[in-house]
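Got a structure here, written out as structure tokens. Questions coming.
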Amino acid sequence: MHPEILAQEGYTSVSVKESPVRELFPGIRLRPLWTGTDGAHANVLEMDPGTSWPRRDVHEPGSEEVFVVSGTFNDGARDYPAGTFLHAPAGSWHVPASATGCTLFVFYPEG
């Protein structure tokens, strides 16, 4: 074992279940996991079955990286099953929805 790993500056971990939850829209919850000093951040987004974003979700100031952990995610154009990775470049948009419900890992490398 190497306990000194845990003493490294910035090295951190968090349990999704222990992360504070914030309801963004009815049936859509955000669980923040990490925020970097440069504004980058990682979250888990949970969408109940039949939920959708009420408007376009525009990716600013940078890109959005999404990994579908469970369920099926729809970006307004097509369905993406669990195990799918999506990259949405800065300035692009989608309208998140899920007929079945889904859990997403979402990373914003530029804040």
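Can you pull the one-decimal nm distance between simple spin-label points at Arg55 and Thr37, each 7 Å off the Cα toward Cβ?
Going from the Arg55 label point to the Thr37 one covers 3.5 nm.
Rounded to the nearest 20 Debye, what is the dipole magnitude of the chain about its Cα centre when Lys and Arg each give +1 and Asp and Glu each give -1 at the C-beta?
About 360 debye.
FYI, it's all coordinate maths here, none of it is from the lab. These numbers were taken from a predicted model, which means no experiment stands behind them. Cβ: placed from backbone, ideal geometry, glycine included. Neighbour counts: every protein chain shown.
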